[in-house]
Structures are given as structure tokens and as C-alpha cells.
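What follows is a set of notes on a single structure, which appears directly below.
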Amino acid sequence: QVQVVESGGGLVQAGDSLRLSCAVSGRTFSTYTMGWFRQAPGKEREFVAVISWSGGSTDYADSVKGRFTISRDNAKNTVHLQMNSLKPEDTAVYYCAADSAYYRGPYFPRHSYQYDYWGQGTQVTVSS
């Protein structure tokens with residue numbers, strides 16, 4: 001019932017920037033905590049960034065802090081990931097996900113199993 005669609009991936013060189021977008025269907029988007037994950041070849045899916053339902057709080061994986069910025073626009077049912085200073089190790093399929101949990105206390109969901117709705121992913125490739 002809830003559809004999640006990512007876009008904006010592509011092939012770039014190290015040091016370049018990309019902005020990923022995620023469109024979510026439904027009237028309940030504004031209640032969802034939204035996250036970005038990525039999965040590189042031969043690796044497990046890993047947490048990248050998360051943003052609260054209001055957009056007032058964010059959290060990032062250590063590997064992307066200072067380079068990536070997550071944002072959302074509840075009026076447009078969208079979430080974005082601005083990726084700057086890209087590195088070859090950022091190469092992965094990037095997934096947008098929604099956590100419909102009512103309340104998780106002070107802790108952000110940082111694990112795949114905590115999210116209910118997922119997009120198909122968008123490929124980001126960073127060449128050196």
C-alpha cells in the first residue's frame with residue numbers, strides 16, 4: 001500500500017556530489033521516520049542516515065558524517081540525501097526506507113529490520 005521510489009543515482013568521480021530523492025505514497029508519510037541505507041557488492045546492507053518525522057532530528061553513520069545531509073519535505077512526501085565529497089567506498093545501491101513505528105524513544109532506527117517499507121534502490125557508483 002505504501003510505495004517508496006528512489007531516484008538520482010549515477011556514475012560520478014571521486015569528490016563529486018549527488019542528490020538522491022525518495023518519493024513516498026500515502027497520507028501518513030509525515031508520521032514516518034525515514035532512513036537511507038546502502039549495500040555495496042559483497043557487503044551487508046548498512047545504515048547511512050535517518051531523519052525524524054518532523055525533520056527536526058537527524059543521525060548519520062560515522063563514515064558519512066560531514067559529507068552527507070538528509071532532509072525531508074512532508075508537504076511533498078519526499079526525502080533527500082545530499083552526498084558531497086563522494087569517495088569510491090560510497091559505491092553501493094542506496095535504499096530509502098520508512099519506519100512506521102509510533103515511538104522509539106530517544107534512539108533512531110539504525111537497522112534494516114526496523115523499517116517497514118523499502119524502495120527498489122538506486123545505484124551510486126564513484127570512480128577514482
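The values are calculated or read from the model by the stated rules, or taken from the named source; none is laboratory data. Bear in mind the structure is a predicted one, so any value in this text is a computation, not a measurement. For neighbour counting, all protein chains shown are included, and Cβ atoms are generated from backbone atoms with ideal geometry for every residue, glycine included. All accessible areas refer to the heavy atoms of the entire protein, side chains included, with ligands and DNA or RNA removed. Shrake-Rupley method; radii C 1.70, N 1.55, O 1.52, S 1.80 Å.
Numbers at a glance
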{"read-out": "So Phe108, is it of a type in the set (Phe, Trp, Tyr) and farther than 19 Å from Gly9 by Cβ", "value": "yes"}
{"read-out": "Conditions (1) more than 17 Å from Gln3 (Cβ to Cβ); (2) charged (D, E, K, R); (3) not in a loop (DSSP other than H, G, I, E, B): number failed by Lys43", "value": "(3)"}
{"read-out": "Answer residue from the stretch 95-115, given it is over 12 Å from the mean Cα position of the chain (by Cα) and of a type in the set (A, V, I, L, M, F, W, C) and is least open to solvent (accessible area, probe 1.4 Å) among those", "value": "Ala101"}
{"read-out": "Only one of Val64, Val79 that is in a loop (DSSP other than H, G, I, E, B) and within 25 Å of Tyr107 (Cβ to Cβ)", "value": "Val64"}
{"read-out": "Failed item, numbered, when Val2 is tested on (1) modelled with pLDDT of 95 or more; (2) under 19 Å from Thr122 (Cβ atoms); (3) part of a loop (DSSP other than H, G, I, E, B); (4) not hydroxyl-bearing (Ser, Thr, Tyr)", "value": "(1)"}
{"read-out": "Identity of the residue in the stretch 1-47, under 11 Å from the mean Cα position of the chain (by Cα) and among the acidic types (Asp, Glu), that ends up nearest to Ser71 (Cα to Cα)", "value": "Glu6"}
{"read-out": "Which numbered condition Val48 misses (of (1) buried (at least 18 other Cβ atoms within 10 Å of the Cβ); (2) in contact with a Gly (Cβ under 7 Å, 6 or more places away or on another chain))", "value": "(2)"}
{"read-out": "Residues located in the stretch 1-31, provided they are in contact with a Phe, Trp or Tyr (Cβ under 6 Å, 6 or more places away or on another chain), of a type outside the set (Ser, Thr, Tyr) and surrounded by fewer than 17 Cβ atoms within 10 Å (Cβ to Cβ)", "value": "Val2"}
{"read-out": "Filtered residue count, the stretch 84-94, keeping only those that are assigned to a strand (DSSP E or B) and open to solvent by 30 Å² or more (accessible area, probe 1.4 Å)", "value": "1"}
{"read-out": "Tally, over the stretch 4-40, of residues that are without any contact (Cβ under 8 Å) to a residue 12 or more places away in the chain and closer than 17 Å to Ser63 by Cβ", "value": "0"}
{"read-out": "The stretch 60-80 - residue that is touching a Phe, Trp or Tyr at 6+ places or on another chain (Cβ under 7 Å) and within 23 Å of Thr125 (Cα to Cα) and, of those, surrounded by the fewest Cβ atoms within 10 Å (Cβ to Cβ)", "value": "Ala61"}
{"read-out": "Subset tally (residues that are out of contact with any Ser or Thr (no Cβ under 7 Å at 6 or more places or on another chain) and among the hydroxyl-bearing types (Ser, Thr, Tyr)) for the stretch 7-30", "value": "4"}
{"read-out": "Test: residue in the stretch 6-26 that is at pLDDT 95 or above and in contact with a Cys (Cβ under 7 Å, 6 or more places away or on another chain)", "value": "yes"}
